[in-house]
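Here the structure is laid out as structure tokens; the discussion comes afterwards.
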Amino acid sequence: MIQIGVVMGSNSDWDVMQHAARVLKDFGVEFEARVVSAHRTPDLLYEYAETAHERGLKAIIAGAGGAAHLPGMLAAKTVVPVLGVPVPSKYLKGQDSLYSIVQMPKGIPVATFAIGEAGAANAGLFAVSLLANQDARLRLALEAFREKQKQTVLAMALPDVE
Ligand code: RP5
């Protein structure tokens, strides 16, 4: 059963958003990836958000660039948690996307992640954490992921100074 939705405003966002999908796939979480544009397909956005809960989605990871209203508008139409990923934009490098997503007025929250690849990957990990509250397999997998990451850092060597 699909548990997580990964949506983005354009297929041009996929380079970034695939990092969320990659994490979900690696953890064995079923997800769907869709293009849903807030301003170009507003009716689809409404339908997606309004059916999210009944379709069993536990969270929606939403990425967009520029005037990035997709995460906020999804959150306006569903109580399923929305995790927003600011996608780097051409002129303002994603600072516009970040501010658009993070500065939600009080009452409709969007959990906002870092601009770009790190934000997408972390949104994927955060979605796994949400599911892990009710899923022991995922909790153990997350702990193993953290342990492996820790060992990688502990094994890091630095070059000698000449
Ligand atoms: C936003 O506009 C999308 O999320 C994308 O980041 C940006 C550019 O879209 P395209 O012109 O590449 O379709 O809606």
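The values are calculated or read from the model by the stated rules, or taken from the named source; none is laboratory data. In this text the structure is predicted, and so the values were computed from the model without any measurement. In this analysis, Cβ positions are derived from the backbone assuming ideal geometry, glycine residues included, and neighbour counts consider all displayed protein chains.
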Surrounded by 14 or more Cβ atoms within 10 Å (Cβ to Cβ) and closer than 13 Å to residue 4 by Cβ, is that true of residue 60? yes
Here is a check on your reading of the model: is residue 136 farther than 25 Å from residue 31 by Cβ and out of contact with any Cys (no Cβ under 6 Å at 6 or more places or on another chain)? no
How do the pairs read when you match residues in the stretch 21-49 that are within 14 Å of residue 69 (Cα to Cα) and of a type in the set (Gly, Ala, Ser) with residues anywhere that are within 12 Å of the ligand (Cβ to nearest atom) and assigned to a helix (DSSP H, G or I), using Cβ under 7 Å and keeping only pairs 6 or more apart or on different chains? 38/45; 38/70; 38/73
With the condition kept exactly as written, say whether any residue in the stretch 34-52 is away from the ligand (no atom under 13 Å from the Cβ), touching an Asp or Glu at 6+ places or on another chain (Cβ under 9 Å) and β-branched (Val, Ile, Thr). no
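When you check residue 116 against the structure, is it of a type in the set (Gly, Ala, Ser), in contact (Cβ under 8 Å) with a residue 60 or more places away in the chain and within 16 Å of residue 12 (Cβ to Cβ), yes or no? First the steps, then the outcome.
Numbers: of a type in the set (Gly, Ala, Ser): yes; in contact (Cβ under 8 Å) with a residue 60 or more places away in the chain: yes; within 16 Å of residue 12 (Cβ to Cβ): yes.
Yes: the conditions hold for residue 116.
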Considering every residue within the stretch 130-151, establish whether at least one is in contact (Cβ under 8 Å) with a residue 60 or more places away in the chain and in contact with a Lys or Arg (Cβ under 7 Å, 6 or more places away or on another chain). yes
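Of all residues in the stretch 65-81, count the ones that are near the ligand (Cβ under 9 Å from one of its atoms) and among the hydrophobic types (A, V, I, L, M, F, W, C). Let's see the steps before the verdict.
From the stretch 65-81, those near the ligand (Cβ under 9 Å from one of its atoms) are 65-70; that's our starting set.
Those still in the list that are among the hydrophobic types (A, V, I, L, M, F, W, C) too: 67-68, 70.
So the answer is 3.
Confirm whether residue 62 is under 16 Å from residue 24 (Cβ atoms), in contact with a helix residue (DSSP H, G or I) (Cβ under 7 Å, 6 or more places away or on another chain) and at pLDDT 95 or above.
Numbers: under 16 Å from residue 24 (Cβ atoms): yes; in contact with a helix residue (DSSP H, G or I) (Cβ under 7 Å, 6 or more places away or on another chain): yes; at pLDDT 95 or above: yes.
Yes: the conditions hold for residue 62.
What residue, of 102, 29, is aliphatic (A, V, I, L, M) and touching a helix residue (DSSP H, G or I) at 6+ places or on another chain (Cβ under 9 Å)? Talk me through it step by step, then tell me what you get.
Numbers: 102 fails: touching a helix residue (DSSP H, G or I) at 6+ places or on another chain (Cβ under 9 Å).
Sole residue among the options that is aliphatic (A, V, I, L, M) and touching a helix residue (DSSP H, G or I) at 6+ places or on another chain (Cβ under 9 Å): 29.
Which residue, of 52, 111, 33, is under 27 Å from residue 141 (Cβ atoms) and within 10 Å of the chain's Cα centre (by Cα)? Steps first, answer last, please.
Details: 52 fails: within 10 Å of the chain's Cα centre (by Cα); 33 fails: within 10 Å of the chain's Cα centre (by Cα).
Step by step, each of 52, 111, 33 is checked, and only 111 is under 27 Å from residue 141 (Cβ atoms) and within 10 Å of the chain's Cα centre (by Cα).
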